[in-house]
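To start, the structure under review is shown below, and the notes come after it.
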């Protein structure tokens, strides 16, 4: 277990290193010149050169990357070109909003997805099952920005149940979480359904039925806890999907998280911020995958860590 | 590590490829798959026949396409789905937008499938340091937030239809590579492949005559499901304004252009949004049915 963890940690670090290298190289090749953006249109060539030297952007690629890495080790992600503040600070100040959205989204997808999957499995083969499975397909096929805009239109503009955008109260959280959650709910519903169907086939369920336990007791006491675990274990992997959607959903709802930060930075070629958010997202994804793998053998002892 | 949807196509004891003759018949017998096929047929017909289906030009800004105050028109007898902010016929733009979605869906997904298969087969069959290098690279790509990477890439290049297709392909090959890799490496250890090697068959012969035909069902399933992902990604990039650029119509950029007005004119989001959803749903339904049909170990499960 310890050696396994050690090896996985080193692997994860290498992956993060690779992600940083690729992102850095991509941004280095960027045709848009960040210095022009900072200096403004009216800047003289001299000023532009000065700023370039100040930021160290006149150095060769390897030098720039090495400098970035050495700072990164001490948690320093550099300074934003435009916002004149530390990227680490910016990200840390935006992170709580994104984490809150993530919690909301996961709650939504579990609540929706698990109950849909459970009902579908119990009513397997009926019209209810079919309808729920079609619904889960619709969920995974719906583009998040369309879902977001439609939810906004119906529940914020028309019904005014929720605010149109922004951040602050629990009311602000509902629509963005739901938007993110609908996609995940589709996956969870399908996984939960097949996991539950597997469990309901097991001998211990038959035994429970044979000794005359009530249907409800069999479902909730015997089947559900066993069926739900492998599905819950997927949350780690889900983080990757979440990180993908965050840019879109945060920009639709004006949610002040790292997705919005990244989107603004991309439009203004604010390279340190783009790098920072990409690294933080990659870190979250790697961590999520690691968690999913480490938890797996606890949930299913047949799985051996290699 | 595969995503939660990743079908387990590599279960041990998997049957070899079944005769393919019955696949189509079995596909159309499933109601949901049939629905998917019908939607795809409608979208393809709409895209191909666009100039004959509508009397308008997709980029023509019509005088009577706006109200006197200059706002877009709701759906009526003249403009069936209404008009957009610039007074263009929305139905016409959606029909032409179908071309964009289909072209990107086919090209980007085709390239992604090709890269994924190439990487997966190479790594799975030849192993060695090339194999592990390729798979480590794939792991690395899995850690990239796909959309963020696509956004960075799209921002790096001047966006055009083909660039957007390439960006999507560069992001989307990873899943395919993983699945093909696991499947190829288990195939490569089977006796019949060993036997081929013993009688002196060359690597290309083994790959093309024996490995690829066995991978075909997987490639078909992932190819179909992948179109759905591709369509969604293109729509998202175009919605952010870094995908297909106006005036070329794309379902995503129709929403991008009109979103400021969506509270007053929700049809400008609703109709293109429904089109994206329908096409993505269709390919998901077909892909899922194909998975059931082509992969016996999965039948009756998810």
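Do you know which residues across the stretch B:239-253 are more than 10 Å from chain A (Cβ to nearest Cβ) and closer than 15 Å to residue B:108 by Cβ? Outline the logic, then answer.
So the first thing to find is which residues in the stretch B:239-253 are more than 10 Å from chain A (Cβ to nearest Cβ), and the list is B:243-250, B:253.
B:243, B:244, B:250, listed by residue number.
Scanning for something closer than 30 Å to residue B:52 by Cβ and away from chain A (no Cβ under 14 Å), does the stretch B:109-125 turn up at least one residue?
Going through the stretch B:109-125, the residues closer than 30 Å to residue B:52 by Cβ turn out to be B:109-110.
Filter once more, keeping what is away from chain A (no Cβ under 14 Å): B:109-110.
Within the stretch B:109-125, one or more residues are closer than 30 Å to residue B:52 by Cβ and away from chain A (no Cβ under 14 Å).
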Could you check the stretch B:266-302 and list, in sequence order, the residues that are at pLDDT 85 or above, at the interface with chain A (Cβ under 7 Å from one of its Cβ atoms) and within 17 Å of residue A:187 (Cβ to Cβ)? B:277, B:280, B:281, B:284, B:285
When the stretch A:150-177 is checked residue by residue, the ones that are under 24 Å from residue B:276 (Cα atoms), in contact with a helix residue (DSSP H, G or I) (Cβ under 9 Å, 6 or more places away or on another chain) and either free of Cβ contacts under 8 Å to residues at least 12 places away in the same chain or surrounded by 22 or more Cβ atoms within 10 Å (Cβ to Cβ) (or both) are A:150, A:152, A:153, A:175, A:176, A:177
Could you list, in sequence order, the residues of the stretch A:122-149 that are buried (at least 19 other Cβ atoms within 10 Å of the Cβ), assigned to a helix (DSSP H, G or I) and within 11 Å of chain B (Cβ to nearest Cβ)? A:133, A:136, A:137, A:139, A:140, A:141, A:144, A:145, A:146, A:147, A:148, A:149
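Can residue B:256 be described as free of Cβ contacts under 8 Å to residues at least 24 places away in the same chain, at the interface with chain A (Cβ under 10 Å from one of its Cβ atoms) and under 19 Å from residue A:142 (Cα atoms)? Break it down into steps so the answer makes sense when it comes.
Values: free of Cβ contacts under 8 Å to residues at least 24 places away in the same chain: yes; at the interface with chain A (Cβ under 10 Å from one of its Cβ atoms): yes; under 19 Å from residue A:142 (Cα atoms): yes.
Yes: the conditions hold for residue B:256.
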Here are the criteria: (1) assigned to a helix (DSSP H, G or I); (2) at pLDDT below 90; (3) under 22 Å from the mean Cα position of the chain (by Cα); (4) within 14 Å of chain B (Cβ to nearest Cβ). Tell me which single one residue A:165 does not satisfy. (1)
Just to be sure before I move on: is residue A:294 part of a helix (DSSP H, G or I), over 26 Å from residue A:143 (Cα atoms), in contact with a helix residue (DSSP H, G or I) (Cβ under 9 Å, 6 or more places away or on another chain) and more than 7 Å from chain B (Cβ to nearest Cβ) in the structure I sent? yes
Residue that is surrounded by the fewest Cβ atoms within 10 Å (Cβ to Cβ), among those in the stretch A:39-59 that are in contact with a helix residue (DSSP H, G or I) (Cβ under 6 Å, 6 or more places away or on another chain) and in a helix (DSSP H, G or I): A:47
Among the candidates B:143, B:154, B:188, B:169, which residue alone is at the interface with chain A (Cβ under 10 Å from one of its Cβ atoms), at pLDDT 80 or above and touching a helix residue (DSSP H, G or I) at 6+ places or on another chain (Cβ under 7 Å)? B:143
If a residue has to be touching a residue at least 60 places away in the same chain (Cβ under 8 Å) and outside any helix (DSSP H, G or I) to count, how many in the stretch B:224-246 make the cut? 5
Only one of these conditions is not met by residue A:89: (1) more than 14 Å from chain B (Cβ to nearest Cβ); (2) farther than 27 Å from residue A:254 by Cβ. Which number is it? (2)
Regarding the stretch A:246-255, can at least one residue be identified that is surrounded by fewer than 21 Cβ atoms within 10 Å (Cβ to Cβ) and within 9 Å of another protein chain (Cβ to nearest Cβ)? yes
Given the criteria more than 15 Å from the chain's Cα centre (by Cα) and at pLDDT 80 or above, does residue A:219 qualify? yes
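Among the candidates A:271, A:197, A:182, A:237, which residue alone is within 11 Å of chain B (Cβ to nearest Cβ), buried (at least 23 other Cβ atoms within 10 Å of the Cβ) and at negative phi?
On the way: A:197 fails: buried (at least 23 other Cβ atoms within 10 Å of the Cβ); A:182 fails: within 11 Å of chain B (Cβ to nearest Cβ); A:237 fails: buried (at least 23 other Cβ atoms within 10 Å of the Cβ).
Step by step, each of A:271, A:197, A:182, A:237 is checked, and only A:271 is within 11 Å of chain B (Cβ to nearest Cβ), buried (at least 23 other Cβ atoms within 10 Å of the Cβ) and at negative phi.
Looking at residue B:200, is it assigned to a helix (DSSP H, G or I) and either touching a residue at least 40 places away in the same chain (Cβ under 8 Å) or more than 14 Å from chain A (Cβ to nearest Cβ) (or both)? Explain how you work it out, then say what you get.
Values: assigned to a helix (DSSP H, G or I): no; either touching a residue at least 40 places away in the same chain (Cβ under 8 Å) or more than 14 Å from chain A (Cβ to nearest Cβ) (or both): yes.
No.
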For residue B:263, the lone unmet condition from (1) in contact (Cβ under 8 Å) with a residue 24 or more places away in the chain; (2) at the interface with chain A (Cβ under 10 Å from one of its Cβ atoms); (3) more than 25 Å from residue A:140 (Cβ to Cβ) is (1)
Within the stretch A:69-94, the residues that are over 18 Å from residue A:266 (Cβ atoms) and outside any loop (DSSP other than H, G, I, E, B) are A:69, A:70, A:71, A:72, A:73, A:86, A:88, A:89, A:92, A:93
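Looking at B:164, B:174, B:221, B:179, which one is in contact (Cβ under 8 Å) with a residue 24 or more places away in the chain, in a helix (DSSP H, G or I) and within 14 Å of another protein chain (Cβ to nearest Cβ)? First the steps, then the outcome.
Values: B:164 fails: within 14 Å of another protein chain (Cβ to nearest Cβ); B:221 fails: within 14 Å of another protein chain (Cβ to nearest Cβ); B:179 fails: within 14 Å of another protein chain (Cβ to nearest Cβ).
The unique qualifying residue is B:174.
The values are calculated or read from the model by the stated rules, or taken from the named source; none is laboratory data. Here the structure is a predicted model, which means the values were calculated and not measured. Backbone-built Cβ (ideal geometry, glycine too); neighbour counts: all protein chains shown.
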